[in-house]
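Heads up: the structure comes next, in structure tokens.
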Amino acid sequence: MTGIQGPAHKRNMTRRKVVVAGGAAVAVASVGGGIAVNAFASETSDSSTSSDASTETCYKLTSETTEGPYYIDADKLRQDITEDKEGIPLTLTLKVIDSETCKPVKNAAVDVWHCDALGIYSGYESLSTGAGGAAPTDAPSGMPSDAPTGEPPSGAPSGGPGGGGGGHQEPTDDERYLRGTWKTDKSGHVTFKTIFPGWYQGRCVHIHVKVHVDGEWTDAGYEGGHTCHTGQFFFSEESVLASAEVEPYSTSTTTRTTLTEDTIYDQSGTTGGLLKLTYNKKNIAKGVHASITMGVDPDETHDGTDDAVQPGASASASAS
């Protein structure tokens, strides 16, 4: 598929434009010596993925969160966002539904982005120290930063990257690993292949997500529309502790923030973005399947600059 680049500062009526040819396949390699290599878990492995849609009878609006400082607007149209980054293979399966009708939201553009195994974000490597260091100087007192450790550039917005509007930063480099955008199918599903994220100072392990609707898919990518959801996905403590035993995660010296300590995650389970995970508990290095059903309101605009995290609201219908 082709890669795309768009203006990072625009949230509504965004224009996504093709700039890079992509679509390279990633070969599956064996895992040895406790090191997770750049490969993906087989769909026929002893830990298979499954959607949570068939087991839930009621859906809620998935919690809105801050966008964070390191969003790059729909930079690459692709499902495999790994590039050459080492880590535990992760298959992320999402289902996007209308929280009022519980019908699938099809043809939406879904962005995902996250740090690498050592807490580094592509596009912002110069702002990341990954393995330790001081938190950004403009972070609010007592509030974890939604950014890797390291000093912000001069002239950075006040208020801190972890709260409120997220303190967006312009990219500092051309790297775009662990970022991608793809279209939901007629059942509202979209799947990405990536690696299990690492952690950095002040935040638990997480993945960022945006859902764009009412735009148009063209030969140039996805154009127009608005952002109806900005959120984050989270991982169980059990899985994160298991990942910390595997290289390169095990080489990190950064103090980790737990799921219960994190102030972005609202502790509400699936509604708050907690992923359903399937993996071999004796060997997580073989790969992880993660899934979640996201309830969104396609008529609303949530671009990550909301004043506060929005709690979930009930929706009294089931979905297939």
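The values are calculated or read from the model by the stated rules, or taken from the named source; none is laboratory data. Because the structure is predicted, anything quoted here is derived from the model rather than measured. So basically every Cβ, Gly included, is an ideal-geometry build from the backbone, and we count neighbours across all protein chains shown. Side chains included, ligands, DNA and RNA excluded: accessible areas come from the protein's heavy atoms. Shrake-Rupley method; radii C 1.70, N 1.55, O 1.52, S 1.80 Å.
Solvent-accessible surface of region 230-301, averaged per residue with a 1.4 angstrom probe and all protein chains in place: 40 square angstrom.
Highest first, please rank the peptides 214-222, 85-93 by the mean number of other Cβ atoms sitting within 10 Å of their residues. Don't jump to the answer; show the numbers that get you there.
Numbers: 214-222: 15.7, 85-93: 23.2.
For the peptides 214-222, 85-93, the packing ranking is 85-93, 214-222.
Take region 69-131 with all the other protein chains still there, run a 1.4 Å probe, and you get 27 Å² of accessible area per residue.
What is the packing order of peptides 167-176, 194-203, taking the mean over residues of other C-beta atoms within 10 Å and listing the highest first? Don't jump to the answer; show the numbers that get you there.
Numbers: 167-176: 16.8, 194-203: 27.0.
The packing order, highest mean first, is 194-203, 167-176.
Model label points for LYS183 and SER250, set 7 angstrom from Cα along the Cα-to-Cβ axis, are 4.4 nm apart.
If you roll a 1.4 Å probe over region 167-220 with all protein chains in place, what percent of the accessible area is carbon or sulfur? Could you put the intermediate results ahead of the total?
Details: 840 of 1920 Å².
Here carbon and sulfur together make up 44 percent of the probe-accessible area.
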